[in-house]
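K.L.:
Take this structure first; my questions come after.
The values are calculated or read from the model by the stated rules, or taken from the named source; none is laboratory data. Since the structure is predicted, the reported quantities are computational estimates derived from the model, not experimental observations. Please note: Cβ atoms are built from the backbone with ideal geometry, for glycine as well, and neighbour counts cover all protein chains shown.
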Amino acid sequence: MKNILVFLSIVILAISCDDIAIGYLEGEDAGYNPDSLVVRSVLDPVLDAKRIESPWPWVSAPINGVFGTLPIKYQIAGASSEDGNVEEFLKYIKIRGNGAFEVSVNENIPKGDYFMNIRIYNEDHELNRDRIFKIIVK
């Protein structure tokens, strides 16, 4: 009888520990400084001489205000625009491991103002931030 009670106690303890979330994630104040990036689809020979020589992508500042258990990952969750082609624009953009946006140097990027939505997550937690960053393609 005593062995059965010990066994049941261990089983109940093991089952109750199964639903505990691992780590934490805070990002209520997540944001960028500056909160926008201007990209030229057609490079200027004077202003963009280095970029013409070696086509480095346009890169934003990394995200600020995100704290949690590592690794913290970032994913583009979508974009919106009133004057641009979002579907085509998303082909030229990605997000780096530090939350910085990277836009390819390419003259086919559709012009417009794009508001970025991102997903921030780690093992057991997730945050979504809509319209957190603006990319202006001229």
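K.L.:
Please go through (1) modelled with pLDDT of 95 or more; (2) part of a loop (DSSP other than H, G, I, E, B); (3) over 23 Å from G23 (Cα atoms) for G99 and return the number of the only condition it doesn't satisfy.
P.N.:
Looking at each condition in turn, G99 falls short on (3).
K.L.:
Here is a follow-up. Do we have E123 as in contact (Cβ under 8 Å) with a residue 40 or more places away in the chain, in a loop (DSSP other than H, G, I, E, B), touching a Gly at 6+ places or on another chain (Cβ under 8 Å) and surrounded by fewer than 18 Cβ atoms within 10 Å (Cβ to Cβ) here? Spell out the reasoning first.
P.N.:
On the way: in contact (Cβ under 8 Å) with a residue 40 or more places away in the chain: yes; in a loop (DSSP other than H, G, I, E, B): yes; touching a Gly at 6+ places or on another chain (Cβ under 8 Å): yes; surrounded by fewer than 18 Cβ atoms within 10 Å (Cβ to Cβ): yes.
When the stated conditions are applied, E123 passes them.
K.L.:
Just the residues that are under 23 Å from E107 (Cα atoms), acidic (D, E) and assigned to a loop (DSSP other than H, G, I, E, B), please, taken from segment 21-76. I'd like the intermediate steps shown before the answer.
P.N.:
Filtering segment 21-76 for residues under 23 Å from E107 (Cα atoms) gives 36-61, 76.
Now narrow it down to the ones that are acidic (D, E): 44, 48, 53.
Answer for segment 21-76, where residues must be under 23 Å from E107 (Cα atoms), acidic (D, E) and assigned to a loop (DSSP other than H, G, I, E, B): D44, D48.
K.L.:
For segment 24-42, state whether one or more residues are among the hydroxyl-bearing types (S, T, Y) and loosely packed, with under 12 Cβ neighbours inside 10 Å. Before the answer, list the steps.
P.N.:
Restricting attention to segment 24-42, the residues satisfying the condition of being among the hydroxyl-bearing types (S, T, Y) are 24, 32, 36, 41.
Then drop every residue that is not loosely packed, with under 12 Cβ neighbours inside 10 Å, which leaves 24.
Yes, segment 24-42 contains a residue that is among the hydroxyl-bearing types (S, T, Y) and loosely packed, with under 12 Cβ neighbours inside 10 Å.
Conditions (1) outside any loop (DSSP other than H, G, I, E, B); (2) small (G, A, S); (3) in contact (Cβ under 8 Å) with a residue 40 or more places away in the chain, marked per residue:
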residue	(1), (2), (3)
L90	yes, no, no
K94	yes, no, no
N108	no, no, yes
D113	yes, no, no
M116	yes, no, yes
R119	yes, no, yes
L127	yes, no, yes
